[in-house]
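Below you'll find the structure, written out as structure tokens, and then a few comments.
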Amino acid sequence: MKAPRLGIIGLAVGVIGGMAFITGGCANEQEKRGHELYTHYCSDCHGESGKQNEGFNWSAMPDPKPKDLSNKSEMSTFKDEELFATISRDMLDTSEEGGDTIGDDDFAVPTMPTFKYTLSEDELWSIVGYVRTLHGAKMEFNVAARKTSLEEGLKTAQAKFEQAKQAYEAAEKKASDEAERKSEQLKKDVDVDESAYAAEQAAMGQAKKEMDVTQVALNNFSTRAGKGLSIPRPDLTAKPADVAKLVDRGKQLYENKYGCNGCHNVGGEGGKIGPALDRAGFRLNATWVYRWLKNPQAMDAHTRMPALGLNDADAKAVTMYVATLRAPKSEPVAEKPVEKP
């Protein structure tokens, strides 16, 4: 009887070991993907190992400089969700009608871009997981459970919409039948009383919005938000009296909201990941700049520049500012002849 028992124990150990291998394999795959994404998008500023002044762009960046991601005592004070929120934050509303003031302290890390509009949620979590390894920790957030929650949320929203739709259709039919009955009685056409099903129609509309939101959230978990999104030709005209104001606003957005100067250099100030923009007004077509700002990945799938979620007004203002960057062409410095001894 001992042999079968040992066989069962061996089978159990094998199954457990196999499960551990699968789990470890998934974790390793996520870490590998996180490493690749971190290297492509983050290492130029944060450094390959996350240490300050290690990335080649670190010293050129305006303040605030990137954090030391290898500092366990500091990084362990942040929850996984906080790290995720930092790299995928929403851009604040800076519209002139009731928006926040550009440059307020509420603007978190203006020199660091958001990657919410560039990477999928799953990819963002893989970066968080890799960042944890830079200070000898592990990510505790359950990414698989997050996806399951999104899937279940969509099912719930779909069921709610179907229920609201049925209620609306029933109320609309009842009102239509009532109008038809009155028409027969009065021997003349009677309009359907739309107010009789207005509440059901509003409820259906709200349920549809909620379903769409959950669908987008689930889509963005695995798919990059800007994938396949084309940008129509913009209207970059402006009244002469408004040009100066738009250019000034574009400069503020460039420096204090979207953190363009963290990667681009103008007049010797700013980062050096992207090309210097001193003469961008000569070199770049305004329509191209606008489309690039709105969705750079649509124009170059491998670019390191993230999509920053610019609305049309902000993209227009930044485009107009970039068009003013027309520094004179620098003259090459003549080399001094070497004197022969």
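The numbers here are math on the coordinates, done by the rules we state, and not lab data. All figures in this text were calculated on a predicted structure; none of them were measured in a lab. Here Cβ is always computed from backbone atoms with ideal geometry, including for glycine, and neighbour counts include all displayed protein chains.
Provide the convex hull volume over Cα atoms per residue for segment 240-323, in Å³. Write out the running numbers ahead of the final one.
Numbers: hull volume 7.8 nm³, N = 84.
Output value, Cα hull per residue: 93 Å³.
Is there a pair in Lys208/Lys257; Lys32/Lys209; Lys32/Lys79; Lys32/Lys147 whose C-alpha atoms are over 31 Å apart, and which pairs would that be? Before the final figure, lay out the partial values.
Working: Lys208/Lys257 33 Å; Lys32/Lys209 37 Å; Lys32/Lys79 21 Å; Lys32/Lys147 20 Å.
Pairs exceeding the cut-off: Lys208/Lys257; Lys32/Lys209.
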Practice task
Using +1 at the Cβ of each Lys and Arg and -1 at the Cβ of each Asp and Glu in segment 277-320, identify which of Trp292, Phe282, Ala313 lies farthest towards the dipole's positive end.
Solution key: Phe282
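Any number yet on Rg/Rh for segment 161-234, C-alpha, Kirkwood?
On the way: Rg = 19.9 Å, Rh = 15.4 Å.
Here Rg/Rh amounts to 1.29.
What dipole magnitude, in Debye to the nearest 20, does segment 144-222 give about its Cα centre under +1 on Lys/Arg Cβ and -1 on Asp/Glu Cβ?
That gives segment 144-222 a dipole magnitude of about 340 debye.
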Problem - Those trypsin sites (Lys or Arg not before Pro) in segment 229-277 that DSSP places in a loop and that have at most 16 other beta carbons within 10 Å - result: Lys272
Fill in the blank from the handout: Under the 7 Å Cα-to-Cβ spin-label approximation, Lys155 and Asn311 lie apart by a distance in nanometres of 3.7
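Dipole magnitude of segment 240-323 about its Cα centre, charges +1 at Lys/Arg Cβ and -1 at Asp/Glu Cβ only, in debye to the nearest 20?
Numbers: 11 positive and 8 negative charges, 23 e Å.
With only Lys, Arg, Asp and Glu charged at Cβ, the dipole is about 100 debye.
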Exercise for the section: Treat each spin label as a single point 7 Å out from the Cα along the C-beta direction, and report the Thr148 to Ser330 distance in nm. Expected result: 5.7
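Counting other Cβ atoms within 10 Å, keep those with at most 15, restrict to DSSP loop, and tell me which chymotrypsin sites (Phe, Trp or Tyr not before Pro) in segment 41-75 are left.
On the way: sites: Tyr41, Phe56, Trp58; in loops: Phe56, Trp58.
Of the chymotrypsin sites (Phe, Trp or Tyr not before Pro), the ones in loops of segment 41-75 whose Cβ has at most 15 other Cβ atoms within 10 Å are Phe56.
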Completion exercise
Summed over the other residues with a beta carbon less than 12 angstrom from that of Asn285, with K and R at +1 and D and E at -1, the charge totals +3
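For segment 145-194, which trypsin sites (Lys or Arg not before Pro) pass both filters: DSSP loop (anything but H, G, I, E, B) and at most 15 other C-beta atoms within 10 Å?
On the way: sites: Arg146, Lys147, Lys155, Lys160, Lys165, Lys173, Lys174, Arg181, Lys182, Lys187, Lys188; in loops: Lys187, Lys188.
Answer in residue order: Lys187, Lys188.
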